[in-house]
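Okay, structure first, notes after.
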Amino acid sequence: MVFRKNNNAFRWVMVIASFIIVTLILWKTYEFFQHFKEEERTKMENWAFAQSTLINSSTNENLELPLKILTSNTSTPMLVVDPAGNLTSFNNINESKISDALYVNKLINTFKQENKPIPVIIDKKVISTIYYGNSDLLNKLKYYPLALLLIVILFVAVIFFFYSSTKNATQNKLWSGMAKETAHQIGTPLSSLIGWTEILKSEHVNPEYINEIEKDIDRLQTITERFSKIGSLPKLEVTDIIEETINSFDYLKSRSSKLINFELNVPNEEIPVHLNKQLYSWVIENLVKNAIDAMKGRGTLSIDISQLENNIKVHVSDTGKGIPKKDFKNIFEPGFTTKKRGWGLGMSLSKRIIEDFHHGKIKVLQSEKDKGTTMEIILKRATNA
């Protein structure tokens, strides 16, 4: 639980830090854009002043500077219109379209939205108006924040993928090592118990006692096989899921409280599925035990199996306390538990068994407070059966 809380805190720190960085980048980009826009306006104001100077000049004046300013604009598109609305000159605009009046009017309206028009004034009289748009460089600069955002998103995605892959690899290695070691540790005393059982038989001990011991030995062997198989890639065989579910159901029913009403609704026909029997029964057992805990040993528990095209759906429903919606995904996280005495591994193992080994899906289908929960397992029907 502590690891999970620290992990969530680290994620939130990363999210907040990324948000701050992106915000600063966008803000600085906006400032640069505005500064560049102001410089372009200053350039156009200088152009307007140079034109008024040229018109108002005498023949003896040196006009080299105004002419240089007028010819220096090689990037900003502009239109010069007289008070009557006639186009007198243009710059950096496609000459083939400039004869189209509709195109020119549309361009003027566009330029008005991008920049405030600049009047050319001589003797306090407006002799023309300059309409200008953003240069190609400025237009490209508008998409710069989007490019930065895309880079940041890709960078975060790569980090997340690397972090997730590393975490999953470490987790899988831990699961495998723990499972194999557990199977090995159980195997030694189990072999001894089998030997002692044979000795008890030769001593003519009450057969009922020996029968109960053998049941427990069989149970321990099943647990050992489960841990051994989950510690490596298990072998899947075409199996009737109906039969395997009934076997698990009957076993759990016989060992549960009589105050629980068990219901089983399954088709009458066989449904072949690629299964590992031991691991599938482990999942059913985890779901049923969780349901019993949620009902506090009293209520109705049902298992329903249905088939929709090639998908097989197994529903395990209870009438317990329910699961908060915010925890629908959290219950599958290793270490997450609402029990005072719990490891929080059952549902995580179930998810690994169903999704990683059987290539299916397991999820909380629905849950309502104090009314119960329905868990859903989805598996593919075996087509080569």
- Message: Taking each pair of distinct Cα atoms in the chain once, what is the resulting Kirkwood hydrodynamic radius in Å?
- Response: 28.4
- Item | Nearest 10 degrees, 0 to 90: helix 101-114 Cα axis against the chain principal axis | 70
- Query: Can you give me the Cα centroid spacing of the range 201-217 and the range 50-114 in angstrom?
  - Reply: 107
- Message: Taking 24 Å as the cut-off for C-alpha to C-alpha distance, list the pairs among Lys277/Lys325; Lys277/Lys361; Lys253/Lys277; Lys201/Lys277; Lys258/Lys313; Lys289/Lys361 that go past it.
- Response: Lys277/Lys325; Lys201/Lys277; Lys258/Lys313
- Note on the structure: Among Asn91, Asn261, Asn56, the residue with the largest mean-square fluctuation in a Gaussian network model of the chain built from Cα contacts under 10 Å is Asn56
- Label-point separation in nm, Arg381 to Glu203, each point 7 Å along Cα→Cβ: 5.5
- In degrees from 0 to 90, rounded to the nearest 10, what is the angle of the helix 241-254 Cα long axis to the longest principal axis of the chain? 60
- Within the chain, which is the longest segment containing none of the GluC sites (Glu not before Pro) that sit in a DSSP loop and have at most 16 other Cβ atoms within 10 Å? 96-202
- Cα long-axis angle, helix 2-55 against the chain (0 to 90 degrees, to the nearest 10): 10
- Message: For a quick check, take a GNM of the chain with Cα springs below 10 Å and name the residue from Asp293, Asp250, Asp123 with the largest mean-square fluctuation.
- Response: Asp123
- Note on the structure: Taking a probe of 1.4 Å and leaving out DNA, RNA and ligands, the chain shows per residue an accessible area in Å² of 64
- Item | Length released on extending from Ile122 to Lys326, taking residue separation times 0.36 nm less the Cα-Cα span | 66.3 nm
- Query: Tell me, what % of the accessible area of the chain is carbon and sulfur with a 1.4 angstrom probe?
  - Reply: 58
- Item | Debye, to nearest 20: dipole size of the chain, +1 on Lys, Arg Cβ, -1 on Asp, Glu Cβ | 1040
- Task: Choose one answer from Val80, Val15, Val205: the residue with the largest mean-square fluctuation in a GNM of the chain with alpha-carbon springs under 10 Å.
- Result: Val205
- Item | Gain in span if fully extended, Lys28 to Glu368, counting 0.36 nm per residue against the direct Cα distance | 117.5 nm
- If the cut-off is a Cα-Cα distance under 30 Å, which lysines reach Lys116, setting aside same-chain residues fewer than 8 apart in sequence? Lys28, Lys37, Lys43, Lys68, Lys97, Lys106, Lys124, Lys125, Lys140, Lys142
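The values are calculated or read from the model by the stated rules, or taken from the named source; none is laboratory data. Source: prediction; values computed, not measured. Note: ideal-geometry Cβ built from the backbone for every residue, glycine included; neighbour counts use all protein chains shown. The area values use the complete protein model at the heavy-atom level, side chains included, leaving out ligands, DNA and RNA. Shrake-Rupley method; radii C 1.70, N 1.55, O 1.52, S 1.80 Å.
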